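Chemist: Below is one structure. I have some questions about it.
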């Protein structure tokens, strides 16, 4: 915020807060603007600390974040169903829909299967 106000002032644009009566063209106005910016930054940092503390508490309580891990057995079964459907002439989109996947998900799992089989 301070950088924006300074850039505007350097460009010859006069900025003034009508609701708060803060005029950065004056010494007192710059002081108030700096104080408000400092308080806003402080509040942002407090929010980040609270969120991180909440995440730490949740992790210690056993909460897992992110996408659930796929069961490789289920993925292999679905890939077998898709392979059969593709061999029968169905499109990748139609074959993926048979197992509740999108075409992109099918290709992602087929790619990981190829990598795993090459190891």
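Chemist: Considering only residues that are surrounded by 13 or more Cβ atoms within 10 Å (Cβ to Cβ), within 26 Å of the chain's Cα centre (by Cα) and within 18 Å of residue 67 (Cβ to Cβ), which ones fall in segment 86-106?
Modeler: 101, 105, 106
Chemist: Give segment 8-27 a look and list any residue that's surrounded by fewer than 11 Cβ atoms within 10 Å (Cβ to Cβ) and outside any loop (DSSP other than H, G, I, E, B), or say none.
Modeler: Those that are surrounded by fewer than 11 Cβ atoms within 10 Å (Cβ to Cβ) and outside any loop (DSSP other than H, G, I, E, B): 10, 27.
Chemist: Kindly check whether there is at least one residue in segment 35-48 that is assigned to a helix (DSSP H, G or I) and touching a strand residue (DSSP E or B) at 6+ places or on another chain (Cβ under 9 Å).
Modeler: Yes: segment 35-48 contains one or more residues that are assigned to a helix (DSSP H, G or I) and touching a strand residue (DSSP E or B) at 6+ places or on another chain (Cβ under 9 Å).
Chemist: Can I ask one more? State whether one or more residues within segment 66-85 are part of a loop (DSSP other than H, G, I, E, B), at pLDDT 90 or above and either touching a helix residue (DSSP H, G or I) at 6+ places or on another chain (Cβ under 8 Å) or surrounded by 11 or more Cβ atoms within 10 Å (Cβ to Cβ) (or both).
Modeler: No, there is no match, as no residue in segment 66-85 is part of a loop (DSSP other than H, G, I, E, B), at pLDDT 90 or above and either touching a helix residue (DSSP H, G or I) at 6+ places or on another chain (Cβ under 8 Å) or surrounded by 11 or more Cβ atoms within 10 Å (Cβ to Cβ) (or both).
The values are calculated or read from the model by the stated rules, or taken from the named source; none is laboratory data. Here the structure is a predicted model, which is why all the values come from computation and not from measurement. Cβ sites come from the backbone with ideal geometry, for glycine too, and all protein chains shown count toward neighbours.
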